[in-house]
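Enquirer: Sharing a structure below in C-alpha cells format, with a few things to ask.
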Amino acid sequence: LLGAALSDGSLRLINGRGICISILNLPGCQSHLTSFCWDSTGTKLATSVATGHLITWKLDVGDVQGRGRTVAACTAIMEGGHQLGRPLFGSRYCGKDENLIVSWCVDGTLCLWDSNSTGNVHAPIAVLRTDPDYPIYAVELSKDTIAVGGGTDGG
C-alpha cells in the first residue's frame, strides 16, 4: 500500500493499481498532516499533525486489490510532549517489537511514546531532547543510534 498525508487532514491509502482503498480522517481536528509512518507489519501507523499531536491507527487490511476496503480505527491521540500548535514533522516505530514511537517537532523536542497506548495520552514516556533554538526536521534510527537533523539558518 502507498499512503499520502494531505493538507486537508486526511491520509489516503492507495493500492498498487492506483485505487484508493481507505481514507483516514483526523478525529475532531481541523489541521493538516505533516507525515506518517508504518510499523513493520503494515497493520499500524502513526500520523504527525501540524497541531503538535501524534495519532496512532490500527488497520484491518481488506482486499488490497480494490474489491474491499481497508478499515482504520484511531487507537490513540498523543499530546503533551510537544508544544501544541507547533507542527510535528515525523515519527518512527522503534524498540523491541516496535513497542515505542519516537516523534520530533519544530519546537526542538524529541519524544518517546508507548506505541500500544490507547485513548487520550497526555504525556510521552520521555522527552529525549528539547532545545527551542534547534527545530528538528528529520530523524533516522538504527539499532543503537538516533541521528537528528535540524537547526536554524541551515544549521
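The values are calculated or read from the model by the stated rules, or taken from the named source; none is laboratory data. Since the structure is predicted, the reported quantities are computational estimates derived from the model, not experimental observations. Cβ atoms come from the backbone with ideal geometry, glycine included; neighbour counts cover every protein chain shown. Accessible surface areas use protein heavy atoms only, side chains included; no ligands, DNA or RNA. Shrake-Rupley method; radii C 1.70, N 1.55, O 1.52, S 1.80 Å.
Enquirer: State whether one or more residues within the range 5-21 are assigned to a loop (DSSP other than H, G, I, E, B), crowded, with 16+ Cβ neighbours inside 10 Å, modelled with pLDDT of 85 or more and touching a strand residue (DSSP E or B) at 6+ places or on another chain (Cβ under 8 Å). Spell out the reasoning first.
Expert: Within the range 5-21, the subset assigned to a loop (DSSP other than H, G, I, E, B) is 6-9, 15-19.
Applying the additional criterion that residues be crowded, with 16+ Cβ neighbours inside 10 Å yields 9, 15.
The next check asks that each one be modelled with pLDDT of 85 or more; those that pass are none.
No, the conditions are met nowhere in the range 5-21.
Enquirer: Please pick out the residue among Leu88, Leu59 that is touching a Cys at 6+ places or on another chain (Cβ under 9 Å) and crowded, with 20+ Cβ neighbours inside 10 Å. Explain how you work it out, then say what you get.
Expert: Working: Leu59 fails: touching a Cys at 6+ places or on another chain (Cβ under 9 Å).
One residue alone meets the criteria, Leu88.
Enquirer: With the checklist (1) at pLDDT 85 or above; (2) within 14 Å of the chain's Cα centre (by Cα) in hand, flag the one item Leu24 doesn't pass.
Expert: For Leu24, the failing item is (1).
Enquirer: Quick check, is Val139 surrounded by 14 or more Cβ atoms within 10 Å (Cβ to Cβ) and under 24 Å from Ser7 (Cβ atoms)?
Expert: yes
Enquirer: Counting only residues that are out of contact with any strand residue (DSSP E or B) (no Cβ under 7 Å at 6 or more places or on another chain) and under 24 Å from Leu26 (Cα atoms), which one in the range 115-136 is most open to solvent (accessible area, probe 1.4 Å)? Talk me through it step by step, then tell me what you get.
Expert: Residues of the range 115-136 out of contact with any strand residue (DSSP E or B) (no Cβ under 7 Å at 6 or more places or on another chain): 116, 122-123, 131-133.
After this cut, where a residue has to be under 24 Å from Leu26 (Cα atoms) as well, the list is 116, 122-123.
Working: Asn116: 98, His122: 124, Ala123: 60 Å².
Taking the candidates together, the pick is His122.
Enquirer: Would you call Asp107 out of contact with any strand residue (DSSP E or B) (no Cβ under 9 Å at 6 or more places or on another chain) and either more than 22 Å from Trp57 (Cα to Cα) or not in a strand (DSSP E or B) (or both)?
Expert: So Asp107 fails the test.
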